[in-house]
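This report concerns only the one structure given below.
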Amino acid sequence: MTLDEALAQCPVVAILRGIGSSEACDHVAALFEAGVRVVEVPLNSPEPLASIGQIARRFGEAMIVGAGTVLNQDQVDAVAAAGGRLIVSPNSSANVIARALALRLDPIPGFASATEAFSAIDAGARHLKLFPAVTYGPGHLTQLRAVLPAESLVWAVGGVSAQNLSEWSAAGALAFGLGGELYRAGQSVLETAARAARAVSAASALS
């Protein structure tokens, strides 16, 4: 499964910040059952590479798993070695993008302005993460979409929830990263399942 195929099945990206490696697969199983197909484990979580490795081995080609808060090339290498396929960053680093592409991984650099977006595109990125989305709002994305290449796929991340997916979709976002709105450290698997079901239902209503 490619990233594009996974997002076509479900545009919700689960950001599991703070998850522990001993519980990661249980929560991801609940996400998978709800319909989520893309999972990000931020590198500032406990044992993130162990979690990524376990998820990759258990769910294989059925899901896309990778890391968030990836800031340098060494971290890209570590994520690749763990079995991750997704390199998500809060910023746009040409070096990180280049290393991800060299390893046949999908880079998703963060951007706020047109300058940052086009710098990431020039470095080879096709997926772009508006972050933090809530700071700029859907109107900001609407204006940027008017100048961004049609083949550039924008993710809205940061303050995105089941309640406002429709606003971001109307503004031109094609994927939605949900962090605390979907998972908070210490919550139960049942809570993850319930939140995922609401998010996937909201995403399904967009089509």
* Asked: touching a residue at least 40 places away in the same chain (Cβ under 8 Å) and farther than 23 Å from Gly158 by Cα: does that describe Glu40?
  -> no
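Being of a type outside the set (D, E, K, R) and in a loop (DSSP other than H, G, I, E, B), is that true of even one residue in segment 47-60? Can you show your working first?
Step one: filter segment 47-60 for residues of a type outside the set (D, E, K, R), giving 48-56, 59-60.
Add one more test, that the residue is in a loop (DSSP other than H, G, I, E, B), and what stays is none.
Looking for residues that are of a type outside the set (D, E, K, R) and in a loop (DSSP other than H, G, I, E, B), one finds none in segment 47-60, hence no.
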* Of the residues in segment 1-22, how many are charged (D, E, K, R) and either open to solvent by less than 10 Å² (accessible area, probe 1.4 Å) or part of a loop (DSSP other than H, G, I, E, B) (or both)? -> 1
* To do: Kindly indicate whether any position in segment 23-31 is open to solvent by less than 50 Å² (accessible area, probe 1.4 Å), at pLDDT 95 or above, closer than 25 Å to Leu153 by Cβ and not in a loop (DSSP other than H, G, I, E, B).
  => yes
* Of all residues in segment 151-207 being among the hydroxyl-bearing types (Ser, Thr, Tyr) and not in a helix (DSSP H, G or I), the one that is nearest to Ala114 (Cα to Cα) -> Ser152
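Take Thr115 and tell me if it is polar (S, T, N, Q), in contact with a helix residue (DSSP H, G or I) (Cβ under 7 Å, 6 or more places away or on another chain) and surrounded by fewer than 16 Cβ atoms within 10 Å (Cβ to Cβ). Lay out the reasoning, then the answer.
Working: polar (S, T, N, Q): yes; in contact with a helix residue (DSSP H, G or I) (Cβ under 7 Å, 6 or more places away or on another chain): no; surrounded by fewer than 16 Cβ atoms within 10 Å (Cβ to Cβ): yes.
Answer is no for this residue.
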* Asked: Given (1) open to solvent by 30 Å² or more (accessible area, probe 1.4 Å); (2) in contact with a helix residue (DSSP H, G or I) (Cβ under 6 Å, 6 or more places away or on another chain); (3) of a type outside the set (Lys, Arg); (4) closer than 21 Å to Gly20 by Cα, where does Glu181 come up short, assuming only one miss?
  -> (2)
* How do the pairs read when you match residues in segment 153-169 that are closer than 17 Å to Pro109 by Cβ with residues anywhere that are in a helix (DSSP H, G or I) and among the basic types (Lys, Arg), using Cβ under 8 Å and keeping only pairs 6 or more apart or on different chains? -> Val154/Arg145
* Inspect all residues belonging to segment 3-18 and state whether any of them is touching a Leu at 6+ places or on another chain (Cβ under 7 Å) and farther than 30 Å from Leu144 by Cβ. => no
* Kindly provide the set of residues from segment 98-127 that are assigned to a helix (DSSP H, G or I), within 22 Å of Ile64 (Cα to Cα) and charged (D, E, K, R), ordered by number. => Arg99
* Kindly indicate whether any position in segment 188-199 is under 16 Å from the mean Cα position of the chain (by Cα) and farther than 16 Å from Val38 by Cα. => no
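Among residues belonging to segment 132-147 that are open to solvent by 70 Å² or more (accessible area, probe 1.4 Å) and in a loop (DSSP other than H, G, I, E, B), point out the one that is nearest to Ser161 (Cα to Cα).
Ala146
The values are calculated or read from the model by the stated rules, or taken from the named source; none is laboratory data. This structure is a prediction, so every number in the text was calculated from the model and none was measured. All Cβ positions, even for glycine, are placed from backbone atoms using ideal geometry, and neighbour counts span all protein chains on display. Side chains are part of the model used for accessible areas, which takes the heavy atoms of the whole protein and leaves out ligands, DNA and RNA. Shrake-Rupley method; radii C 1.70, N 1.55, O 1.52, S 1.80 Å.
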